[in-house]
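As structure tokens, the structure follows; a few thoughts come after it.
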Amino acid sequence: MKWVEQRLGRRIRRGTLELRYDDGEQCAYGDGGPPHGVMHIHRRRTLRRIALDPEFMLGQTYMDGDWSPGEGGLLGVLEVLLNNFPPPRARGVKAWLLWAARPLQQWNRAAAARRNIASHYDLDDWLFQNFLDADMHYSCAYFEDPDMDLESAQRAKAAHIRRKLCLRPGDRVLDIGCGWGSMAIHLARHEQVEVVGLTLSSEQQRLAQERVRQAGVADRVEIRLQDYRDVTGPFERIVSVGMFEHVGVPFYDTYFDTIRRLLTEDGVALVHSIGRFNPPGVTNPWIRRYIFPGGYIPATSEVMSSVERVGIRTTDIEVLRLHYAYTLANWQARFQRIRGRVAAAKSESFCRMWEFYLAVSEAAFRWRGMMVLQLQLARQQDAVPLTRDYLYSGEREERRWPEPSRIAS
């Protein structure tokens, strides 16, 4: 164990990590100042397990009950660790193996994509209904004010995306990865449009269809259990929120080419996805195993190189920085309010998995270079207004687009 303690002593220079063992022993590392994280170590093997494979074993040992956070909670521990231990850089053969394995980890052909989506989104509906906002948006909210409540911030996100789509009466909209129908319902409620929503989760489709009926928009919103690659168009508008993370780099060209193919000549698309400020990397192994198998957070360079190859035009790029950190903090607080029910229905291990997922995701947006990318795309460069005034002024510029043609399903 001494080599682990020596490593902690060498590496923790900013902030303080305090370890408290069940037998009463205590030790601290760092400069004594903030940030301050506290780990209650329940098994002596814990630090050795983490040190041998930190990217995976920090979450695994927490799930196993080997340690618990003290004052400051999980986020306090993660703040100290992420600020003092940068992401490991593999070298030599290990680096080659990790890079060679990326396509296999992200090989999201239709059957694999369905399995991967079902593993996460086919969990009990009540879990999502009780920690998400009332409209069940499972993606980054838009905090026009950091003190906004989650419901207001999610409505602001939906409205922001709606404005970016520049919708017109009669437009036919494709929602790729529609979740529980949140965006589709929002668009149909606020605009005279028809929406086709796509999901690969049968549970999502069932609940989304019910929510569409309850919202009174069933005549204009259709929820399909369908892969985006199997859709025929055209559509005047395409929106995709929180789905691109499940596409995988080997299929980026297919994804953007599908958007280009399905759009009308004067069409507009909006892709909302988590991204990274850093160069391309690999998915954290714990997240890949337990939360999002097949998932990958793209670097902006990977996204844009694919867009360029496909030949669709980029008309606007916006980066949302801490908005997802605020969103995840809200989800964590709401999850903690139902934690007892979740533990009784599922298990303590499941609760630890879920709260670690929410905490480490929030930490990644605060201290590991994650952000959200909103990419507006079009086939013609004059498909959207010349300036961003239409997003914030409440008034849209005069448009010279032709009326959309009516296309049968």
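Only one entry in Arg189, Arg260, Arg289 is open to solvent by 10 Å² or more (accessible area, probe 1.4 Å), out of contact with any Ser or Thr (no Cβ under 8 Å at 6 or more places or on another chain), at pLDDT below 95 and in a helix (DSSP H, G or I), namely Arg289.
The single residue among Asp171, Asp133 that is open to solvent by less than 40 Å² (accessible area, probe 1.4 Å), over 26 Å from Gly248 (Cα atoms), at pLDDT 95 or above and within 17 Å of the chain's Cα centre (by Cα) turns out to be Asp133.
The residues of the stretch 225-257 that are open to solvent by 50 Å² or more (accessible area, probe 1.4 Å) and under 12 Å from Gly197 (Cα atoms) amount to a single one, Leu225.
Taken over the stretch 248-257, the criterion of being closer than 21 Å to Ala383 by Cα and either within 20 Å of the chain's Cα centre (by Cα) or modelled with pLDDT under 95 (or both) is satisfied by Tyr255, Phe256. Is at least one residue of the stretch 300-316 part of a strand (DSSP E or B) and in contact with a Pro (Cβ under 7 Å, 6 or more places away or on another chain)? No: the stretch 300-316 contains no residue that is part of a strand (DSSP E or B) and in contact with a Pro (Cβ under 7 Å, 6 or more places away or on another chain).
Contact map, the stretch 247-259: residues that are more than 13 Å from Met304 (Cβ to Cβ) and free of Cβ contacts under 8 Å to residues at least 60 places away in the same chain paired with residues that are open to solvent by less than 20 Å² (accessible area, probe 1.4 Å) and hydrophobic (A, V, I, L, M, F, W, C), Cβ distance under 6 Å, separation 6+ or inter-chain. Pairs shown: Tyr255/Val247. When we screen Leu82, Leu58 for residues that are surrounded by 15 or more Cβ atoms within 10 Å (Cβ to Cβ) and in contact with a Phe, Trp or Tyr (Cβ under 6 Å, 6 or more places away or on another chain), the only hit is Leu82. Which of the residues that make up the stretch 1-26 are without any contact (Cβ under 8 Å) to a residue 12 or more places away in the chain and either farther than 19 Å from Arg43 by Cβ or in a loop (DSSP other than H, G, I, E, B) (or both)? The answer is Gln6, Arg10, Asp23, Gly24, Glu25.
Residues that are more than 30 Å from Glu302 (Cα to Cα), touching a residue at least 12 places away in the same chain (Cβ under 8 Å) and open to solvent by 20 Å² or more (accessible area, probe 1.4 Å) number at least 2 in the following helices (runs of 4 or more DSSP H) confined to the stretch 331-393: 339-345, 348-367.
The values are calculated or read from the model by the stated rules, or taken from the named source; none is laboratory data. Note that the coordinates shown come from a computational prediction; the quantities given were computed from them, not determined experimentally. Please note: Cβ atoms are built from the backbone with ideal geometry, for glycine as well, and neighbour counts cover all protein chains shown. All accessible areas refer to the heavy atoms of the entire protein, side chains included, with ligands and DNA or RNA removed. Shrake-Rupley method; radii C 1.70, N 1.55, O 1.52, S 1.80 Å.
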